[in-house]
1. In segment 37-67, what residues are at pLDDT 90 or above and either more than 13 Å from the chain's Cα centre (by Cα) or over 21 Å from residue 3 (Cβ atoms) (or both)?
2. Consider only pairs whose beta carbons are under 7 Å apart and that are at least six residues apart or on different chains; among these, list those whose first residue lies in segment 21-38 and is under 17 Å from residue 9 (Cβ atoms) and among the charged types (D, E, K, R) and whose second residue is modelled with pLDDT under 90 and surrounded by 14 or more Cβ atoms within 10 Å (Cβ to Cβ).
3. How about segment 100-137: which of its residues are assigned to a loop (DSSP other than H, G, I, E, B) and either within 23 Å of residue 41 (Cβ to Cβ) or in contact with a Phe, Trp or Tyr (Cβ under 9 Å, 6 or more places away or on another chain) (or both)?
4. Say we look at segment 46-69 and pick out the residues that are among the polar types (S, T, N, Q) and in a helix (DSSP H, G or I); which of these is surrounded by the most Cβ atoms within 10 Å (Cβ to Cβ)?
5. Every residue in segment 104-140 that is small (Gly, Ala, Ser) and exposed (fewer than 12 other Cβ atoms within 10 Å of the Cβ), please.
6. Just checking, which of 121, 111 is of a type outside the set (Val, Ile, Thr), out of contact with any Asp or Glu (no Cβ under 8 Å at 6 or more places or on another chain) and over 30 Å from residue 26 (Cβ atoms)?
Amino acid sequence: MPAERFPVEESHVMMFARALGDQNPAYRDSDSPEVQSMGAMVAPLTFAMAASQFDPDNPLIPQAGEAWFGSGKGPGFKREGGASTGMLHAEQKFHYHRPVRVGDVLSGTQRDGEEWTKESRSGNTLTFREFCIDYHDENSDPVVTVTMVGVFTGEPPKNEDG
């Protein structure tokens, strides 16, 4: 599920850019000439991924009092629908309709994209599937479309001996 409400805040953009090691003043200084020329602070190109922090159902975020599959003191548990399902995250794409700006409040709508198959070198069927999230601003204008490509591995082919 995408975040229903994703506020783009100045400090969040600055911390995201710092985590990337990006020193562009457009991401950290609202008085910089870069920001003044654009009219507002903008977010780094991959910033839309931060929307997952605003999704209360995100399985990658630990919930108080609930077992979690993440790295803890104990072994945790095997999560249904997670990495053990044979899906690999293969690609991430961002299609911008306009820059993400500080002050935007975005909302996301999830939809299925394309699906295709290929045969692996070992003869397994690989199914590629796109998962798309369209983010819109408060006026319902499109801002960015995020597409994640997942690869699902098929059953290994049976050999002729059984």
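1. 41, 42, 43, 44
2. 29/35
3. Here is the first cut: in segment 100-137, the residues assigned to a loop (DSSP other than H, G, I, E, B) are 100, 102-104, 120-124, 137.
Hits for segment 100-137 are 100, 102, 103, 104, 137.
4. Applying the first criterion (among the polar types (S, T, N, Q)) to segment 46-69 yields 46, 52-53, 58, 63.
Within this subset, residues satisfying the condition of being in a helix (DSSP H, G or I) are 52-53.
Values: 52: 17, 53: 12.
Once the filter is applied, the top-ranked residue is 52.
5. If the condition is that a residue be small (Gly, Ala, Ser) and exposed (fewer than 12 other Cβ atoms within 10 Å of the Cβ), then 122, 123, 140 are the ones that fit.
6. Working: 111 fails: out of contact with any Asp or Glu (no Cβ under 8 Å at 6 or more places or on another chain).
Being of a type outside the set (Val, Ile, Thr), out of contact with any Asp or Glu (no Cβ under 8 Å at 6 or more places or on another chain) and over 30 Å from residue 26 (Cβ atoms) holds for just one of 121, 111, which is 121.
Rundown of residues vs (1) exposed (fewer than 14 other Cβ atoms within 10 Å of the Cβ); (2) part of a loop (DSSP other than H, G, I, E, B), yes/no style:
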site	(1), (2)
1	yes, yes
12	no, no
31	yes, yes
40	no, yes
44	no, yes
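The values are calculated or read from the model by the stated rules, or taken from the named source; none is laboratory data. Bear in mind that the values here come from a model prediction, so they are computed numbers and not experimental data. Here Cβ is always computed from backbone atoms with ideal geometry, including for glycine, and neighbour counts include all displayed protein chains.
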